[in-house]
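Okay, so here's the structure we're looking at.
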Amino acid sequence: MLSDNHCEPDSPLNQTRLPSLLALRCFEAAARLENFSHAGVELHLTPGAVSRAVRLLENELGVALFERRSRRVFLTDAGRVLARATGDGFGLISRAISELRANAARKRSWVLSCEPTLLMRWLIPRWPDFQARYPQIDVQLVAGGGPFTFNGTIDLAIRRDDFPWPDSYHAEPLGDGFGLISRAISELRANAARKRSWVLSCEPTLLMRWLIPRWPDFQARYPQIDVQLVAGGGPFTFNGTIDLAIRRDDFPWPDSYHAEPLFAEKIGLVCRPDKVAQWFAGQPAGAVLRPDAPPLHSRTRPQAWQEWAGATGMALPEAAGQYFEHFYFSLQAAVAGLGVAIGPWHLVRDDLHSGVLSAPLGFVEDGSGYCLLSPAALPAASPQAHLLAWLRSMS
């Protein structure tokens with residue numbers, strides 16, 4: 001089982017996490033139209049893609065949502081529960097988005113705060129469309145969740161309605177839609193939870209872009225080993241919530257911790273392939289970054305550009321660029337074509353292989369590396385030792 005929480009306490013038993021929004025959207029269309037092919041036409045997907053998304057959703061929830069008979073599909077009782085919630089929820093979201101877009105042109109420079117996962121998975125991939133429609137509107141996207149104040153740092157916020165806010169705040173019902181979906185998901189998940197034997201904590205971006213895509217291979221090789229993956233970065237303690245941790249060696253940890261090196265960090269500039277000619281000059285062997293190329297920064301690794309310049313001896317771009325709350329947001333922004341990001345090799349290698357991203361200048365080691373941390377040395381032939389050997393084979 002996987003958790004997308006970015007903090008370790010409670011991650012293994014979090015029952016309010018939403019599945020993939022794409023999977024929910026595919027299910028909602030298929031449930032409403034009672035036909036995977038018609039849903040695919042509406043969503044500009046193949047029927048097979050819709051079917052796979054629904055199947056993944058059923059596997060994650062642990063319940064059947066459709067009954068498949070004679071090339072037709074019929075909602076189960078559980079499917080009808082989720083269909084009502086997703087239909088109402090996406091309807092509310094659609095109306096709220098329309099209203100927000102209608103008012104967007106009235107303000108020229110403002111800050112929009114959005115919950116991290118929604119920002120990364122939904123808003124950033126669609127942001128180039130907003131910029132193309134309203135190039136005169138200057139918007140800074142920042143990640144944030146839970147309570148906040150309009151104290152001059154943000155102008156608008158997208159939040160779930162799972163906490164109280166001041167009566168003076170004006171709220172459009174975007175959050176209500178996610179609330180309906182979330183409550184339905186929580187009920188369907190109640191019987192699907194399983195007891196975990198031990199927990200591996202991994203830095204969020206590495207977890208999402210490197211470990212999770214390779215995790216099926218580990219499960220196929222070691223089906224008897226039960227592992228819960230949780231997201232977490234920086235300092236931590238082995239206090240019963242986690243058993244092992246993958247961390248970058250950019251902070252001190254207690255001398256009592258046992259560290260096994262995994263791989264060195266290699267960084268390079270990445271952008272969408274169709275932007276290379278616009279933001280880089282010269283032939284591949286002697287390419288350089290253009291001064292006006294828009295850099296994408298991360299507040300969790302604020303020195304990434306300086307580290308790259310120091311390792312390569314190349315000049316930093318003159319443009320100010322955009323800032324994102326977390327490292328993986330800047331990489332997602334690069335995929336969306338918003339600018340040039342610092343991309344560690346292990347975090348972008350799959351995107352490079354698939355052609356989603358390009359690295360015109362290659363990669364250089366920045367002097368840091370990743371380690372597998374444990375409270376003590378790993379016993380030979382133990383599940384933890386098998387995990388260590390597998391992690392090294394994947395690097």
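Throughout, read-outs are computed from the coordinates displayed, never taken from laboratory work. All values reported here derive from a predicted model rather than from experimental measurement. Note that we place each Cβ from the backbone using ideal geometry, even for glycine, and neighbour counts take in every protein chain shown.
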Mean separation of Cα contacts under 8 Å (6+ apart) over length of the stretch 196-395, as relative contact order %
31 percent
Dipole moment magnitude, nearest 20 debye, the chain about Cα centre, only Lys, Arg, Asp, Glu C-beta charged:
1140 debye
Fraction of antiparallel bridges per DSSP, the stretch 16-174 only, in percent to nearest 5:
30 percent
Identified option (computed Rg/Rh (Cα atoms, Kirkwood Rh); candidates (i) 0.97; (ii) 1.16; (iii) 1.01):
(i)
Along its three principal axes, how long is the stretch 277-395 when you only count alpha carbons? Whole Å, largest extent first please.
53, 28, 28
What are the extents of the Cα atoms of the stretch 52-146 along their three principal axes, in Å, largest first?
54, 23, 23
Any trypsin sites (Lys or Arg not before Pro) in the stretch 107-177 that lie in a DSSP loop and have at most 12 other Cβ atoms within 10 Å would be 107, 108
Rounded to the nearest 20 Debye, what is the dipole magnitude of the stretch 196-395 about its Cα centre when Lys and Arg each give +1 and Asp and Glu each give -1 at the C-beta?
340 debye
Please report Rg (one decimal) and Dmax (integer) in Å for the Cα set of the stretch 196-395.
18.2, 54
For the chain, modelled as a GNM with alpha-carbon contacts under 10 angstrom, which of 273, 135, 164 fluctuates the most?
164
Got the relative contact order for the chain handy, in percent, Cα pairs under 8 Å and 6 or more residues apart?
18 percent
Quickly estimate the mean residue ellipticity at 222 nm for the chain, helices only: each DSSP H run with n ≥ 4 gives -39500 (n - 2.57), and the total goes over all residues, rounded to 500.
-11500 deg cm²/dmol
Could you list 120, 314, 208 so that the one with the fewest beta carbons within 10 Å of its beta carbon is first and the one with the most is last?
314, 208, 120
Given the options 87, 48, 337, state which has the largest fluctuation in a GNM of the chain using a 10 Å cut-off (strictly under) for Cα springs.
48
Sort 141, 331 so the one with the fewest other Cβ atoms within 10 Å of its own Cβ comes first.
141, 331
Pick out, in residue order, every one of the GluC sites (Glu not before Pro) in the stretch 243-321 that is DSSP loop and has at most 15 other C-beta atoms within 10 Å; say none if there are none.
318
At a threshold of 8 angstrom on Cα-Cα distance, excluding pairs fewer than six apart, so keeping six or more, what relative contact order does the stretch 42-138 reach in percent?
17 percent
Residues 353, 346 arranged by fewest to most Cβ contacts within 10 Å:
353, 346
Quick check on the stretch 196-395: of the DSSP beta bridges with both residues there, what percent are antiparallel, nearest 5%?
60 percent
Considering only 330, 113, 70, give the residue with the highest GNM mean-square fluctuation for the chain, with springs between Cα atoms whenever their separation is below 10 Å.
70
If Lys and Arg each add +1 and Asp and Glu each add -1, what is the summed charge of the other residues whose beta carbon sits under 13 Å from the beta carbon of residue 169?
-3
